[in-house]
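Q: Sharing a structure below in structure tokens format, with a few things to ask.
Every number here is computed from the coordinates shown, using simple stated rules; none is lab data. Keep in mind the model is a prediction, meaning the values are calculated, not measured. Using ideal geometry, Cβ is built from the backbone for each residue, glycine included, and neighbour counts are taken over all protein chains shown.
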Amino acid sequence: MTQQRKAVALISGGLDSLLAAKLVQEQGIHVAGINFFTGFCVEGHTHAIRRQSGDKPKRNNALWVSEQLGIKLHIVDIIEEYKQVVFNPKYGYGANLNPCLDCKIFMVRKAHQWCQQNDFDFIITGEVVGQRPMSQRKDTMPMVSQKSGAEDLLLRPLSARNLPATLPEREGWVDREKLLGLSGRSRKPQIALANRFGFEEYAQPAGGCCFLTDAKYSSKLADLWQARGSRQYELDDIMLLKVGRHLRPKPHFKVIIAREEGEGNFLRGYRKQYLSIDSLSHLGPIALIDGEVDAQDIELAARLVARYGKGRDQAQVEMEIRTPAGASYPLKIEPLTAAKIPEQWLL
Amino acid sequence: MKPVVIDARRLLCPMPVIRVQNRVAELSAGTLVKVVCSDPGALNDIPSWCRINGHRVVKSSRTEDEYLVVLQVGEG
């Protein structure tokens, strides 16, 4: 009897990993999914924070993809370990603070370890030659196989015929002829394949699945490191960078102002960690102050927050200042005018 | 039998699922698990995770700002 071969697929929740896993599953391979949570994933959090009353279901696409495939999914929290990838990427950053090549090597290495621990035979990714400028190039894709330690156990079903045959292909566990030779950034072949498999709904995030590829997000992270004098972060820090307007009126503090109700609810959850500002006399957003502040700073922050409330054109509005310990007091201030908010405050 | 309670409040997707996944791995089949969340996405994600991993959702409900899922651990 032939041995049932088992593959673990890196499932991001996007179309490529769905198709890659499906292609291998079609060949009779038992597939399980693995999904790594770095803290920078676009997936999930942003949807959970914003548009709370939106019509679209607030689903996790990696779970949804796994359901479509009928496979188990193992979600792995790599927040702590991943920091070293972000702080010291051996192969550098991309256009922003995205360490894509180091990231891919790291994730494939983790998947390879998982394979060894769980008696799986090989790894599948949805990578396509030429699709991403850093980690998915003809010259860097072999590096990922090599530097991760996965070597020829890493199979990219969508691009396999553009790459040297891997062990699963050489050993006949999978038929190379039934794998694809996609390359480039066009999405048309993937969409055609999705139609062939009957997948009508799938996620195709335009900027990938990581906030570090986003210029604005990266600039806020760089600001955080500069303000703190070291390249460190905790999960709450990087979550808060995804939410609200961030303005830094002075080097030693910044103000995070909710842009809508969902963000307001999210920021409210941090009132025991940060000094917060709410509007008393008019409707307005909640805001957090990040940094050590004195009375003058608090007044400036309150005036700034009032600028984004309904009382922005009033001579005076009343705000509520709340300390992390729960003590609160009212503060009457004059909202800042738009002209008094320098562009460089906005991160 | 009293359910095992997982407090996943203030955690956003996928952290509530990770908490459930890691705790359930330590429990035997048949155990009831009650998960309390503040992320509305948990009402989709935890049942979805249960379906693909062979666990059963016994109940899910919401109050004004909290979401509750009760599941029964499957054979795995």
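Q: Among all stretches of chain A without exposed GluC sites (Glu not before Pro) (DSSP loop, at most 16 other Cβ atoms within 10 Å), which one is longest?
A: The reported range is A:27-170.
Q: Also, I was wondering about something else. Given points 7 Å out from each Cα along the Cα-Cβ axis, report the A:ARG231 to B:LEU68 separation in nanometres with one decimal.
A: 4.7
Q: For the range A:6-211, take every pair of Cα atoms, bin their distances at 10 Å starting from 0, and report each bin as a whole percent.
A: 8, 36, 40, 14, 1, 0
Q: Based only on Cα atoms, what mean projected area does the convex hull of the range A:196-276 have, in nm²?
A: It is 7.6 nm².
Q: Which of the listed residues, A:PRO251, A:SER230, A:SER17, is farthest toward the dipole's positive end in chain A, when Lys, Arg count +1 and Asp, Glu count -1 at the beta-carbon?
A: The residue sitting most towards the positive pole is A:SER17.
Q: Then there is this: Compute the acute angle (0 to 90°) between the alpha-carbon long axis of helix A:295-306 and the principal axis of greatest extent of the alpha-carbon atoms of chain A; round to the nearest 10°.
A: With both axes taken from Cα atoms, the answer is about 70 degrees.
Q: In addition: Under the Kirkwood approximation applied to all pairs of distinct alpha-carbon atoms, what is the hydrodynamic radius of chain A in Å?
A: After inverting the mean inverse Cα-Cα distance, the result is 22.4 Å.
Q: Please list 3J(HN,Hα) in residue order for the range A:307-319, calculated via the Karplus relation 6.51 cos²θ - 1.76 cosθ + 1.60 where θ = phi - 60°; whole Hz, with x for glycine and proline.
A: Going residue by residue, I get 4, 9, x, 5, x, 4, 9, 7, 6, 8, 10, 10, 10 Hz, with x marking Gly and Pro.
Q: Ok, one more. Going by a ≥ b ≥ c, the root eigenvalues of the Cα gyration tensor, does the range A:243-345 fall in the rounded group (a/c under 1.5), the prolate group (a/b larger than b/c) or the oblate group?
A: Working: a/c = 1.24, a/b = 1.15, b/c = 1.09.
Rounded is the answer for the range A:243-345, as its axis ratio a/c remains below 1.5.
Q: A follow-up question, please. Calculate the mean, over all residues of peptide B:4-12, of how many other protein chain Cβ atoms lie within 10 angstrom of the residue's Cβ.
A: Values: counts 0, 0, 0, 0, 0, 1, 4, 4, 11.
Mean number of neighbouring Cβ atoms from other chains: 2.
Q: Give me log10 I(q)/I(0) at q = 0.15 Å⁻¹ for the range A:90-218, Debye formula, one equal scatterer per alpha-carbon, no solvent.
A: Listed by q, the Debye log ratios stand at -0.79.
Q: Oh, and also: Once amide H atoms are built 1.01 Å from N in the peptide plane, which residues 5 or more positions from B:ILE6, or in another chain, come under 5 Å H to H?
A: Under 5 Å from the amide H of B:ILE6 lie the amide H atoms of B:LYS34, B:VAL35, B:VAL36, each far enough along the sequence or on another chain.
Q: For helix A:100-118, report the angle its Cα long axis makes with the longest principal axis of the Cα atoms of chain A; keep it between 0 and 90° and round to the nearest 10°.
A: 60
Q: Here's another thing I want to ask about it. Compute the distance in nm between two label points, each set 7 Å from the Cα along the Cα-to-Cβ direction, one at A:GLN84 and one at A:GLN113.
A: 0.9
Q: Return the calculated 222 nm mean residue ellipticity for chain A, to the nearest 500 deg cm²/dmol, obtained by summing -39500 (n - 2.57) across DSSP H runs with n ≥ 4 and dividing by the residue count. Write out the running numbers ahead of the final one.
A: On the way: 12 runs with 115 residues, N = 347.
Result for chain A: -9500 deg cm²/dmol, rounded to the nearest 500.
Q: Does the range B:4-72 come out rounded, prolate or oblate, given a ≥ b ≥ c as the square roots of the eigenvalues of its C-alpha gyration tensor, rounded meaning a/c under 1.5 and, failing that, prolate meaning a/b above b/c?
A: Values: a/c = 1.60, a/b = 1.49, b/c = 1.08.
Prolate, since a/c reaches 1.5 and a/b exceeds b/c.
Q: Compute the long axis of helix B:42-53 from its Cα atoms, compare it with the longest principal axis of the Cα atoms of chain B, and write down the angle in degrees, 0 to 90, nearest 10.
A: 20
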